[in-house]
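Please read the structure below before turning to the comments.
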Amino acid sequence: MPDSDFLPGLEALAFKTRFDLHLRDCVEGMRTLADDSVDLVVTSPPYNLGINYADYDDNLSSQAYLEWSRVWAAEVRRVLKPEGSFFLNVGSAPANPWMPHELAMQLRDLFTLQNTIHWIKSITVEPRDGSAISVGHFKPINSKRFLNDCHEFVFHFTKSGKVPVDRLAVGVPYADKSNITRWGHTEGRDKRCRGNNWFIPYQTIKSRSKDRPHPATFPVELARKCIALHGGETAEMTMLEPFLGIGHAAVAAGEAGIGTFIGYEIDEVYFHEARTRLSLTGAD
Ligand SMILES: C[S@@+](CC[C@H](N)C(=O)[O-])C[C@H]1O[C@@H](n2cnc3c(N)ncnc32)[C@H](O)[C@@H]1O
């Protein structure tokens, strides 16, 4: 499995997935989709943190942002199948720490919050020998008040809160192998649930404009894990990313053999970059 978020070798991307990508507002686009037609949504909307997108104004009032979020999320609810999963990645700024929680609360009557996953970008582990190992990256802030923010949320919403997931598809080996026989539920397998802290570092890049020409992407690996956790027969599934960006969810969908992937993006530059990453050509 490739571990890079860079533009992959195009020859490697011989995906069977049908990519249905549109340079279009996602609300307008989703309104053309049938009710209960999507199995899986993996997305990160703009966070309203003043990010310098090429087209989109990421500086709405909090109220306008939350109202708009409800509009697009209501469309997600309408198109999502009853057993579907909606993974919503959202981060915050130290000066605006409530926003991810306010957004989740705003969607409270549309979805059940089934899991809260913490996407850890950087962490320091201190084994008991007195050493400290730091891994991952973050953009350092210069502040007398705030710690550096090294994580974002991934809210796993479902319609019922009772959707089965494939925990072992994103599982990890037991550190202490005696636990394999100790616990009956392992059925002899060396796999356990990894929990809800997912350490997924950004890849080190040399040039943002060449390697990751977008100010706010999630790693392909984050989408890979969401797809695996949702589980199921990927070839029969339809996956949606309302805020396509440069297409990292689309790359993960192609790798996983998702049957149909639908994506919307309003910015022409990001949209064409996504198509390039998927090595798609021709009319939109
Ligand atoms: C946080 S980024 C998503 C990045 C994407 N997940 C990736 O990894 O490449 C949000 C994206 O939403 C796009 N966007 C903003 N408003 C939109 C709308 N109404 N419909 C579709 N896309 C929109 C922005 O241009 C931006 O590329």
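Every number in this text was worked out from the coordinates using simple rules, so none of it is lab data. All of these numbers come straight from a predicted model, not from anything done at the bench. Cβ coordinates were reconstructed from backbone atoms using ideal geometry, including for glycine residues, and neighbour counts include every protein chain displayed.
Pairs exceeding 30 Å between alpha-carbon atoms, taken from Lys16/Lys139; Lys159/Lys191; Lys162/Lys191; Lys162/Lys225; Lys121/Lys191: Lys16/Lys139. Treating each Cα of the stretch 153-202 as an identical point scatterer and summing with the Debye formula, the log10 of I(q)/I(0) at q = 0.19, 0.21, 0.26, 0.31 Å⁻¹ comes to -0.77, -0.86, -1.03, -1.21. With the largest listed first and rounded to whole Å, the semi-axes of the equivalent ellipsoid of the chain from the Cα gyration tensor are 28, 24, 21.
Highest mean first, the peptides 166-174, 52-60 sorted by other C-beta atoms within 10 Å per residue fall in the order 166-174, 52-60. By the helix-only formula, in which each DSSP H run with n ≥ 4 contributes -39500 (n - 2.57) and the sum is divided by residues, the chain has a 222 nm mean residue ellipticity of -7000 deg cm²/dmol. Relative to one another, the C-alpha centroids of the stretch 244-284 and the stretch 160-203 are positioned 30 Å apart.
When Lys and Arg each count +1 and Asp and Glu each count -1, what net charge do the other residues less than 11 Å away from Gly50, Cβ to Cβ, add up to?
Neighbourhood net charge equals -2.
Ordering Asp39, Asp20 by the number of other Cβ atoms within 10 Å of each residue's own Cβ, fewest first, gives Asp20, Asp39. What base-10 log of the normalised intensity I(q)/I(0) is obtained for the stretch 106-150 from the Debye formula, alpha carbons as equal point scatterers, at q = 0.23 Å⁻¹? Cα-only, vacuum Debye calculation for the stretch 106-150: -0.90. Counting charges near Val269 (Lys, Arg +1; Asp, Glu -1) among other residues having Cβ under 12 Å from its Cβ returns a value of -4. Fully extending the segment from Glu187 to Thr204, taken as 0.36 nm per residue of separation minus the present Cα-Cα distance, adds 2.2 nm.
If you take the alpha carbon radius of gyration of the stretch 60-178 and divide it by 2.2 N^0.38 Å, what ratio comes out, to two decimals?
1.33
The Rg/Rh ratio for the stretch 141-267, using Cα coordinates for both the radius of gyration and the Kirkwood hydrodynamic radius, is 1.03. Take the Cβ atoms of Asp166 and Asp109, set R0 to 30 Å, and the FRET efficiency comes out at 0.60.
Of Phe87, Phe261, the sequence from fewest to most neighbouring Cβ atoms within 10 angstrom is Phe87, Phe261. In this structure, the amide hydrogen of Leu240, modeled 1.01 Å from its nitrogen in the peptide plane, lies closer than 5 angstrom to those of Leu40, Val41, Val42, Ile262, counting only residues at least 5 positions away or on a different chain.
Provide Cys150, Cys193, Cys26 in ascending order of the number of other Cβ atoms located within 10 Å of each residue's Cβ, fewest first.
So the residues, fewest neighbours to most, are Cys193, Cys150, Cys26.
Projected label points at Arg145 and Ala175, each 7 Å from Cα along the beta carbon direction, are separated by 3.6 nanometres.
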